[in-house]
Amino acid sequence: MNLDRAFVLLFASANAVAGFTPSGSAFSVASQQRVAFVPKVRAASALFSEVEEATEPAVEAAAEPVEAAEEAPAAPAFDTAIYIGNISFMAVESELRAAFSEYGTIAKIQMPLDRNTSRSRGFAFVTMSNAEEHAAAIENLNETEVGGRTIYVSESLPKDKVAENKKKYQSQKKQKWGSKIYVGNLNFQTSMEDLNAAFAEYGEVMDCFIPTDYDGNPRGFGFIQMAEEDAVKAIEGLNGTELDGRTLNVNKSLPKGTKATPKQVKLYVGNLSWGTEEEALQELFEEYGKVVDCYIPTDRETGQHRGFAFVTMEPDDALRAADETDGYELDGRILRVNEAQPKGSGRTYNNYNDGYDGGDAYDEGSDDSWGNDSY
């Protein structure tokens with residue numbers, strides 16, 4: 001705009017000088033020059049205005065990519081976790097952290113703890129900072145030893161995918177490994193070697209496992225893996241037989257959440273006198289039918305019996321015995337007799353944990369240390 005004004009002032013000065021010129025030719029020349037000059041001023045003004053207007057959108061257009069670049073979203077952080085199974089119950093987070101930090105930066109680590117014991121539940125999750133470290137940790141740490149246990153390391157999957165994979169695994173395992181046998185009512189002193197030897201008489205034992213509690217004590221039951229034909233023979237030959245003074249309860253292991261109809265009934269006998277012997281108790285119940293098993297649990301440290309017992313009988317005999325002996329006096333104590341209930345059933349006065357559960361007593365889902373049946 002300043003340049004435009006300058007041209008206007010210059011034009012006005014030229015007109016003033018031309019008005020005082022005596023010569024008509026000079027005036028004519030000045031007039032011609034003036035006429036010729038005016039369009040030039042307007043053209044220059046219009047050109048300058050067009051340049052000014054055209055420049056502004058160009059500046060704005062140039063600024064747009066900068067704003068777009070600033071608003072572009074950042075790349076998402078790597079957030080795929082690694083699952084670690086079969087961890088020792090005594091393991092601590094620092095042991096896992098030390099093992100995984102050798103393969104990169106740990107972004108997050110989670111080790112769920114048992115509410116009652118505050119110990120590890122047997123599994124954990126670790127997230128590395130990128131995909132390369134994630135893959136390296138899985139490849140190098142799977143089936144290595146941490147805290148005295150062989151850990152199993154894999155990519156953590158969604159729950160529905162885990163369930164689908166477990167079904168496939170169980171199907172493949174059954175085809176490859178045959179049948180899984182549940183062995184209940186085991187003596188707490190029975191070792192895996194003793195159990196293996198008993199079943200080896202009926203065929204090759206592919207796997208033998210006796211679950212233990214957090215303190216390492218056997219839980220009173222076990223599992224045997226055998227080929228289908230051998231498993232059938234072992235169940236027929238060993239169910240109801242004695243091993244280390246206990247009558248075994250042997251049958252096919254059932255899927256999680258299913259219970260078999262028991263062929264025999266286990267009775268709980270409470271309020272026993274400290275002086276009552278197994279022989280005397282068995283004689284009492286034999287008045288009502290065949291006693292398959294009679295067992296009085298004892299304290300591991302003192303050897304003194306714990307004031308209750310279990311008597312196993314055929315269903316009809318057990319029903320009659322329970323009706324007749326409940327309230328019966330034996331050795332100066334009034335007996336309390338009813339059908340034994342598995343631990344956790346809600347009837348706390350006769351809950352027990354000696355391994356009997358009328359079928360597949362061991363719930364694989366309750367022991368997280370197994371991971372994906374990795375035992």
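In the range 263-294, which residues are under 20 Å from ASP323 (Cα atoms) and of a type in the set (Phe, Trp, Tyr)?
Residues satisfying the conditions are TYR268, PHE285, TYR288.
Name the single residue, out of those in the range 184-197 being among the hydrophobic types (A, V, I, L, M, F, W, C) and in contact (Cβ under 8 Å) with a residue 12 or more places away in the chain, that is surrounded by the fewest Cβ atoms within 10 Å (Cβ to Cβ).
MET192
Let me confirm something: among PRO218, PRO211, which residue is in contact with a Ser or Thr (Cβ under 6 Å, 6 or more places away or on another chain) and of a type outside the set (Gly, Ala, Ser)?
Exactly one residue qualifies, and that residue is PRO218.
Restricting attention to the range 107-129, report how many residues are modelled with pLDDT of 90 or more, over 16 Å from the mean Cα position of the chain (by Cα) and open to solvent by 30 Å² or more (accessible area, probe 1.4 Å).
Final tally of qualifying residues: 2.
Kindly provide the set of residues from the range 271-287 that are of a type in the set (Ser, Thr, Tyr) and either open to solvent by 50 Å² or more (accessible area, probe 1.4 Å) or touching a residue at least 60 places away in the same chain (Cβ under 8 Å) (or both), ordered by number.
SER273
Provide a single number: the residues in the range 195-218 that are among the hydroxyl-bearing types (Ser, Thr, Tyr) and under 27 Å from the mean Cα position of the chain (by Cα). Can you show your working first?
We begin by selecting, within the range 195-218, every residue among the hydroxyl-bearing types (Ser, Thr, Tyr); these are 202, 212, 214.
Keeping just the survivors that are under 27 Å from the mean Cα position of the chain (by Cα) gives 212, 214.
Result for the range 195-218: 2.
Yes/no matrix, rows are residues, columns are (1) at negative phi; (2) open to solvent by less than 30 Å² (accessible area, probe 1.4 Å); (3) at pLDDT below 90; (4) out of contact with any Lys or Arg (no Cβ under 8 Å at 6 or more places or on another chain):
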{"residue": "SER179", "(1), (2), (3), (4)": "yes, yes, yes, no"}
{"residue": "PHE199", "(1), (2), (3), (4)": "yes, yes, no, yes"}
{"residue": "PHE223", "(1), (2), (3), (4)": "yes, yes, no, no"}
{"residue": "THR241", "(1), (2), (3), (4)": "yes, no, no, yes"}
{"residue": "ASP244", "(1), (2), (3), (4)": "no, no, no, yes"}
{"residue": "SER253", "(1), (2), (3), (4)": "yes, yes, yes, no"}
{"residue": "LYS259", "(1), (2), (3), (4)": "yes, no, yes, yes"}
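State whether one or more residues within the range 333-342 are in contact (Cβ under 8 Å) with a residue 24 or more places away in the chain, buried (at least 18 other Cβ atoms within 10 Å of the Cβ), of a type in the set (Gly, Ala, Ser) and over 20 Å from THR190 (Cβ atoms).
yes
For GLU201, indicate whether it is of a type in the set (Asp, Glu) and in contact with a Gly (Cβ under 7 Å, 6 or more places away or on another chain).
Working: of a type in the set (Asp, Glu): yes; in contact with a Gly (Cβ under 7 Å, 6 or more places away or on another chain): no.
Taking the combined requirement at face value, the residue does not satisfy it.
Taking only the range 210-221 into account, find how many residues are surrounded by 15 or more Cβ atoms within 10 Å (Cβ to Cβ), touching a Phe, Trp or Tyr at 6+ places or on another chain (Cβ under 7 Å) and on the phi < 0 side of the Ramachandran plot.
3
What do you reckon, is VAL292 of a type in the set (A, V, I, L, M) and modelled with pLDDT of 90 or more?
It is false that VAL292 is of a type in the set (A, V, I, L, M) and modelled with pLDDT of 90 or more.
Of everything in the range 313-345, what is at pLDDT 90 or above and among the polar types (S, T, N, Q)? Give them in sequence order.
THR325, ASN338
Tally time: how many residues in the range 136-155 are of a type in the set (Ser, Thr, Tyr) and open to solvent by less than 50 Å² (accessible area, probe 1.4 Å)?
2
The values are calculated or read from the model by the stated rules, or taken from the named source; none is laboratory data. Since we're looking at a predicted model, the values are computed, not measured. Counting neighbours? That spans all protein chains shown, and the Cβs are built from the backbone with ideal geometry, glycine included. The protein model used for the area step is the full one, side chains on, heavy atoms only, and it has no ligands, DNA or RNA in it. Shrake-Rupley method; radii C 1.70, N 1.55, O 1.52, S 1.80 Å.
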